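What follows is a set of notes on a single structure, which appears directly below.
The values are calculated or read from the model by the stated rules, or taken from the named source; none is laboratory data. Fair warning: this is a prediction, and the values are worked out from it, not measured in the lab. Don't worry about glycine lacking a Cβ; one is built from the backbone with ideal geometry, like all the others, and counts go over all protein chains shown.
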Amino acid sequence: MHEMSIALEVCRIAEEQVGTDTLPAVRAVGLEVGEQAGIEIGSLVFCLETLLGAPPFTGAAPVIERCPGDVLRVSYLEVEDGRPDD
Amino acid sequence: MAVRTIDVRERVMARNDQLASGIRERLAGTGVPALNLVSSPGAGKTALLERTLADLSRTYRIAVITGDVQTQNDADRLARHTDRLVQAVVTNGACHLDALQIATALDAIDLDATDLLFIENVGNLVCPAAWDLGETGKVVLLSVTEGEDKPLKYPSAFQRATTLVLTKLDLIPHVPFSLERAVGYALEVNPDLQVLFTSTILPEGLEEWYGFLRAQLHQRRAA
């Protein structure tokens, strides 16, 4: 039930990491979610897709990795760096 | 476009927990025990606090922060039993209280003139368990009109609590509820739980609860 609060906090952490101007370039947000974290994964993904699909984001994908325990953390961000591919 | 990966490894609850640490320091600085009451809706948190305020607020200076998704009904009920301001937090849809709400509510409470703080969380046995509010201890309530297996169905709330308060013991003759099984399930998920049996209706029904509260007050004063 509190997945939207968690999703909002994930977005805040992303902004803190890369700055507001870079948020449109975020392509993926990696999360570790423990089996005992009290999170309903389907609901969290739905909330994240909703938030990451609206400005300032441009459709970044939530990537959830399940793990043991009650861990709940943002593990990585994938960001387009603005340079063309090699 | 090339994509780079940024290593983050930040706990989602880090900011809440940082605020909770600040609250814990504020409370420790003034020696005020803070109990975070969590339960399903209807387990009797407000009724327990109403009686507690009516019986003890002339002896102890008790502050209350109470959270509800909508309405200030609980705060209004509690305000009838105390001269102090009851802090109402309306979460507008959120299913739990968070540390920022408590830190803000504490700004309006004179902790130097407070012996004991109750935080009545939103009625919900899932979400409040995950949010540290800087409390001294979580108290989980389970009423005899609920399923005995709630501790197994909602283990986080019982694992993170220090105390289990069984409520509405006066209804035991009328409901198929085994206290023995309920306590057994609770201790199965948290063997360290202190278990108290209460009724706001029966004479002496809150003696164990009041004994527990007095112990909290004495422990903090001795610390």
>> Given (1) more than 22 Å from B:ILE23 (Cβ to Cβ); (2) of a type in the set (A, V, I, L, M); (3) crowded, with 16+ Cβ neighbours inside 10 Å; (4) within 14 Å of chain A (Cβ to nearest Cβ), identify the lone condition not met by B:LEU152.
In response: (3)
>> Could you check region B:48-70 and list, in sequence order, the residues that are more than 16 Å from the chain's Cα centre (by Cα) and modelled with pLDDT of 90 or more?
In response: B:ALA54, B:ASP55, B:LEU56, B:SER57, B:ARG58, B:THR59, B:TYR60, B:ARG61
> What strands (runs of 3 or more DSSP E) completely inside region A:24-86 contain at least 1 residues that are more than 12 Å from A:CYS11 (Cα to Cα), touching a Ser or Thr at 6+ places or on another chain (Cβ under 6 Å) and modelled with pLDDT of 95 or more?
Replying inline: A:26-34, A:72-80
>> Can you go through B:ARG11, B:ARG24, B:ARG4 and tell me which one is in contact with an Asp or Glu (Cβ under 9 Å, 6 or more places away or on another chain) and either hydroxyl-bearing (Ser, Thr, Tyr) or closer than 20 Å to B:VAL140 by Cβ (or both)?
In response: B:ARG24
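Output the residues belonging to region B:95-105 that are within 14 Å of another protein chain (Cβ to nearest Cβ) and either surrounded by fewer than 21 Cβ atoms within 10 Å (Cβ to Cβ) or among the polar types (S, T, N, Q) (or both). Write out each step before concluding.
Initially, region B:95-105 is screened for residues within 14 Å of another protein chain (Cβ to nearest Cβ), giving B:95-101.
Within region B:95-105, B:CYS95, B:LEU100, B:GLN101 meet the criteria.
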> Quick check: anything in region B:1-14 closer than 24 Å to B:ARG220 by Cβ and surrounded by fewer than 16 Cβ atoms within 10 Å (Cβ to Cβ)?
Replying inline: no
> Do we find a residue being farther than 14 Å from B:MET13 by Cα, in contact with a Leu (Cβ under 6 Å, 6 or more places away or on another chain) and more than 12 Å from chain B (Cβ to nearest Cβ) anywhere in region A:42-52?
Replying inline: no
> Only one of these conditions is not met by B:PRO41: (1) over 30 Å from A:VAL29 (Cβ atoms); (2) within 14 Å of chain A (Cβ to nearest Cβ); (3) buried (at least 17 other Cβ atoms within 10 Å of the Cβ). Which number is it?
Replying inline: (3)
> Checking B:THR59 against (1) away from chain A (no Cβ under 14 Å); (2) in contact (Cβ under 8 Å) with a residue 40 or more places away in the chain; (3) not in a helix (DSSP H, G or I), which test does it fail?
Replying inline: (2)
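Considering only region B:124-149, how many residues are among the acidic types (Asp, Glu) and either closer than 24 Å to B:TYR210 by Cα or buried (at least 22 other Cβ atoms within 10 Å of the Cβ) (or both)? Walk me through it before giving the result.
First, the residues of region B:124-149 that are among the acidic types (Asp, Glu): B:132, B:135, B:146, B:148-149.
Next cut, either closer than 24 Å to B:TYR210 by Cα or buried (at least 22 other Cβ atoms within 10 Å of the Cβ) (or both) only: B:135, B:146.
Looking only at that region, the number is 2.
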>> If I ask for residues that are hydrophobic (A, V, I, L, M, F, W, C), assigned to a helix (DSSP H, G or I) and either closer than 16 Å to B:ALA47 by Cα or at pLDDT below 95 (or both), which ones from region B:182-212 would you list?
In response: B:TRP209
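Which of the following residues is at pLDDT below 95 and small (Gly, Ala, Ser): B:ALA103, B:ALA94? Steps first, answer last, please.
On the way: B:ALA103 fails: at pLDDT below 95.
So the residue among B:ALA103, B:ALA94 that is at pLDDT below 95 and small (Gly, Ala, Ser) is B:ALA94.
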> Just a yes or no: is a residue in region B:1-13 within 13 Å of chain A (Cβ to nearest Cβ), within 30 Å of A:VAL29 (Cβ to Cβ) and part of a helix (DSSP H, G or I)?
Replying inline: no
> Which residue out of B:ALA47, B:ALA79, B:ALA34 is in contact (Cβ under 8 Å) with a residue 24 or more places away in the chain, farther than 18 Å from B:ARG220 by Cα and more than 14 Å from every other protein chain (Cβ to nearest Cβ)?
Replying inline: B:ALA47
>> Between a residue in region B:150-170 that is within 20 Å of B:ALA34 (Cβ to Cβ) and any residue that is surrounded by fewer than 24 Cβ atoms within 10 Å (Cβ to Cβ) and basic (Lys, Arg), which pairs come within a Cβ distance under 7 Å, given they are 6 or more apart or on different chains?
In response: B:ARG160/B:LYS138; B:ALA161/B:LYS138; B:THR162/B:LYS138
> Which fully enclosed strands (runs of 3 or more DSSP E) of region B:77-181 have 3 or more residues being touching a Leu at 6+ places or on another chain (Cβ under 8 Å)?
Replying inline: B:116-120, B:137-143, B:163-167
> Within region A:46-86, how many residues are crowded, with 20+ Cβ neighbours inside 10 Å and β-branched (Val, Ile, Thr)?
Replying inline: 2
